[in-house]
Each structure stands twice: as C-alpha cells, then as structure tokens.
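Report on the structure given below.
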Amino acid sequence: MSRTVTKDSIPVPVPAAVPSRLTGRSLPRWAPAGFAAAGIALGCGLGAAAGWHSKIQWALLSALFFMVISYAATSAVENRRQARDKLATSIVWVCFVLAVVPLFSLIWVTVSRGAKVLDGYFLTHSMAGVPGFETGGGVYHALVGTLQQVGLAALISVPVGLLTAIYLVEYGRGALAKAVTFFVDVMTGIPSIVAGLFLLSIMLMFELQPSGLMGALALAILMLPVVVRSTEEMLKLVPNELREASLALGVPKWRTILKVVVPTALGGITTGVMLAVARIAGETAPIMLLVFGSQLINTNPFEGAQSSLPFYIWEQYRVGSEASYDRAWAAALVLIAFVMLLNLVARGIARWKAPKTGR
C-alpha cells in the first residue's frame with residue numbers, strides 16, 4: 001500500500017515498495033549457450049560410452065539433455081512459469097536445428113562432390129560422342145533444354161494464372177468461382193507423372209513427336225495452380241481502400257485493377273512466380289515421358305528430343321561409373337545454383353516493388 005508525506009502542508013503520495021517477486025533472480029544471457037554446450041557434451045559422452053556409432057543418436061540425445069538442463073536450471077533459478085517458457089523456446093530451437101542440419105549437409109555434399117568437374121568446359125560442352133563411363137563431356141545441352149522448357153512453361157502459365165487469380169479475387173462469385181477454386185486446389189497436389197501421362201496420351205492420339213514443347217506443357221500444368229494460389233493471396237492483401245479511392249475518382253474497374261491493384265501486389269506476385277518456376281525446374285518424370293532426352297545440343301524446343309538438368313542427373317547416375325557420378329553431382333550443383341538464383345531475383349524484385357512507407 002502507498003503512504004503519504006507532507007511537504008509544506010501538501011500531501012505527496014509515495015509509491016509502495018516494488019514486490020520482491022518482480023525483482024527476482026534471472027539467468028544470464030549466455031545461459032542457453034552454456035546449456036547447449038553441456039547438452040552436447042553429455043549426449044556425445046553418453047553415446048560414446050554406450051558404443052553408439054550413429055551421429056544421429058548422439059544429436060537426439062544431446063537435444064534431450066539440452067531441454068532437460070534448460071528446464072531444470074530455469075526452474076531452480078527463476079520459476080516454473082519461466083521454465084515452461086524456456087522449454088517451449090528450446091523445443092523450437094531444436095526443431096529448427098533438426099530442419100537446417102540436413103539442408104546444410106545436402107548443400108555441403110553437393111558442393112564438395114560437384115565441384116570436381118564443374119568448370120567452364122563442363123558448362124559449354126555436351127555429351128555428344130562421349131561414352132557415359134568415360135571422363136569428359138558437359139551439361140550444356142541439358143542446361144539449354146531446362147532454360148527453354150521452363151521459359152515456355154512460365155510463358156504459358158503466368159498469364160493464365162494471373163488472369164485466373166484476378167477473376168477469383170475481383171470478379172469471382174457463385175458456383176463458377178467455387179468450382180475454379182476447387183480444381184486449383186486439386187491441381188496443386190497433382191503428381192508430376194500424372195501431368196506427363198496426360199500429355200503423353202495426347203501425343204499418342206495425334207501422333208506427335210517428343211519435343212521440348214510437350215515437356216513445357218506438362219510443366220505449365222504443374223506450375224499453373226501455384227501461380228494462381230500465390231497471386232490470389234497477394235491480391236487479397238491489397239487494401240480495399242485503394243480500390244475504393246480509385247473507383248471514387250471515376251476510374252473504371254479494369255483500369256483500377258491494372259494500375260492500382262496489380263502494381264501494389266507485384267512484388268509478392270513475382271515471388272510466387274519465381275517459386276513456381278523453382279518448383280518445376282527439378283521435375284524429371286514429365287521430361288522422361290515427353291522429351292525423351294538427348295546427348296546432342298537441340299536449341300529448337302518445337303522439334304526433336306531434348307534433355308534437361310534433372311533428366312541429365314538421372315541419366316548419368318544410371319550409368320554407374322565414377323565419371324558419370326561426378327557429372328551427376330556437378331549437374332545437381334548447377335540446378336541448385338539455378339534455383340538459388342531465381343529465389344535471389346524474386347527477393348530483389350519483391351524488395352524493389354514493395355510499397356514505400358513513410359515515417
């Protein structure tokens with residue numbers, strides 16, 4: 001309770017003392033790092049003493065010790081409420097590490113094994129005239145095929161997906177919009193082999209020859225629902241006040257969408273498109289069915305068989321020689337670099353086109 005004192009006959013309130021429970025003890029900032037070090041030491045030590053040879057077992061045991069030590073120390077020094085909070089935080093960190101470690105392991109193995117043959121010669125030569133079990137050859141024909149097939153798929157699916165999303169957000173009402181939304185959700189989870197079989201049946205019906213275009217059509221089917229869904233979500237984030245302000249000035253709705261809504265959401269739309277491109281860049285099944293692969297450089301995607309990076313990786317791994325394994329890992333590194341470059345471009349465009357905010 002507070003009390004009062006007088007100063008020149010005027011009562012002045014004096015705040016009561018702060019309860020001791022608000023000024024209790026707390027762990028130092030370096031405590032989580034110390035708990036992690038202790039958990040790793042105990043987990044590795046116990047795993048080695050028990051004769052476990054799997055590093056995964058050591059890691060799981062270390063994570064368990066880390067959470068137990070964190071909870072026990074926080075309960076003893078602070079209180080049980082803070083201990084539960086630290087336990088939840090520890091679980092989040094452990095799950096994060098469990099998710100990141102395989103990713104870094106994959107990148108490390110791909111870089112270490114793919115860098116053996118990845119050079120200028122590998123990027124500028126094809127496998128024409130090079131037996132699969134011998135050294136030499138390159139990935140140029142597969143890189144050209146991937147760029148053309150993915151480019152054609154994006155050229156087909158992006159306009160259709162963008163216009164479909166605009167319809168669903170700005171105009172879609174009733175049974176038709178619900179049906180379109182339902183089929184977009186269904187297509188999002190469709191296996192790539194199904195898209196390949198669908199185009200293969202069309203090829204057999206009309207006696208068409210394998211080409212990069214047929215593979216691009218299958219990739220466009222896989223890319224379309226991702227573009228529609230991502231664009232739809234970005235358009236929904238545009239504030240309605242912007243639409244209402246434009247309409248209040250007498251601007252037609254189509255022009256409002258073109259000049260206000262789409263430019264506002266352009267950064268997010270571009271990110272969604274790049275993610276969709278990255279998703280189809282690694283597809284192999286449609287290419288195997290519709291493009292057939294080739295050892296030669298074919299720069300015409302509308303005629304003749306082509307190759308692609310995923311197909312090239314599968315093809316080289318199937319040979320089974322040491323040289324083919326090195327080429328497969330190098331092609332995998334090129335594919336990862338291609339996808340990473342697309343994501344960096346998407347982030348740059350999203351930041352460039354993000355709405356400017358004032359102070």
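General observations
- When 246, 211, 201, 230 are checked against the criterion of being among the hydroxyl-bearing types (Ser, Thr, Tyr) and touching a Ser or Thr at 6+ places or on another chain (Cβ under 7 Å), a single residue qualifies: 246.
- Only one of the numbered conditions (1) of a type outside the set (S, T, N, Q); (2) in contact with a strand residue (DSSP E or B) (Cβ under 6 Å, 6 or more places away or on another chain); (3) within 30 Å of residue 265 (Cα to Cα) is not met by residue 336, and that is (2).
- Single residue of 102, 131 found to be over 29 Å from residue 33 (Cβ atoms) and without any contact (Cβ under 8 Å) to a residue 12 or more places away in the chain: 131
- Residue count, the stretch 291-323 (criterion: crowded, with 21+ Cβ neighbours inside 10 Å and either part of a helix (DSSP H, G or I) or on the phi > 0 side of the Ramachandran plot (or both)): 7
- For first residues located in the stretch 239-263 and under 18 Å from residue 165 (Cβ atoms), partners that are basic (Lys, Arg) and surrounded by 13 or more Cβ atoms within 10 Å (Cβ to Cβ) and lie 6+ apart or on another chain with Cβ distances below 8 Å form the pairs 256/243; 260/243; 261/243; 263/353.
- Boolean, residue 143 is within 23 Å of the chain's Cα centre (by Cα) and surrounded by fewer than 20 Cβ atoms within 10 Å (Cβ to Cβ): no
- Screening the candidates 155, 213 for the property of being within 25 Å of the chain's Cα centre (by Cα), closer than 27 Å to residue 342 by Cα, in a helix (DSSP H, G or I) and not β-branched (Val, Ile, Thr) yields one hit, 155.
- Meets criteria (modelled with pLDDT under 95 and not in a helix (DSSP H, G or I)) for residue 178: no
- Matching residues, the stretch 76-128, being of a type in the set (S, T, N, Q) and over 17 Å from residue 312 (Cα atoms): 79, 82, 89, 90, 105, 112
- Odd one out for residue 181 among (1) over 25 Å from residue 243 (Cβ atoms); (2) touching a Gly at 6+ places or on another chain (Cβ under 9 Å); (3) crowded, with 16+ Cβ neighbours inside 10 Å: (1)
- Residue that is out of contact with any Lys or Arg (no Cβ under 6 Å at 6 or more places or on another chain) and surrounded by 15 or more Cβ atoms within 10 Å (Cβ to Cβ), where the choices are 63, 76: 63
- Hits in the stretch 94-108 (condition: at pLDDT 90 or above and either surrounded by 13 or more Cβ atoms within 10 Å (Cβ to Cβ) or outside the structural domain of residue 58 (by TED's automatic domain parsing) (or both)): 107
- If only residues of the stretch 181-195 that are under 21 Å from the mean Cα position of the chain (by Cα) and in a helix (DSSP H, G or I) are counted, the one that is nearest to residue 298 (Cα to Cα) is 192.
- Residue among 281, 276, 285, 350 that is within 22 Å of residue 140 (Cβ to Cβ) and out of contact with any His (no Cβ under 9 Å at 6 or more places or on another chain): 281
- Single residue of 319, 291, 345 found to be touching a residue at least 24 places away in the same chain (Cβ under 8 Å) and under 22 Å from the mean Cα position of the chain (by Cα): 345
- Out of 69, 91, 40, one residue alone is touching a Ser or Thr at 6+ places or on another chain (Cβ under 6 Å), modelled with pLDDT of 85 or more, part of a helix (DSSP H, G or I) and not hydroxyl-bearing (Ser, Thr, Tyr). It is 40.
- The stretch 38-55, residues that are within 23 Å of residue 89 (Cβ to Cβ) and loosely packed, with under 14 Cβ neighbours inside 10 Å: 41
The values are calculated or read from the model by the stated rules, or taken from the named source; none is laboratory data. The structure displayed is predicted, hence computed values, not measured ones. Cβ coordinates were reconstructed from backbone atoms using ideal geometry, including for glycine residues, and neighbour counts include every protein chain displayed.
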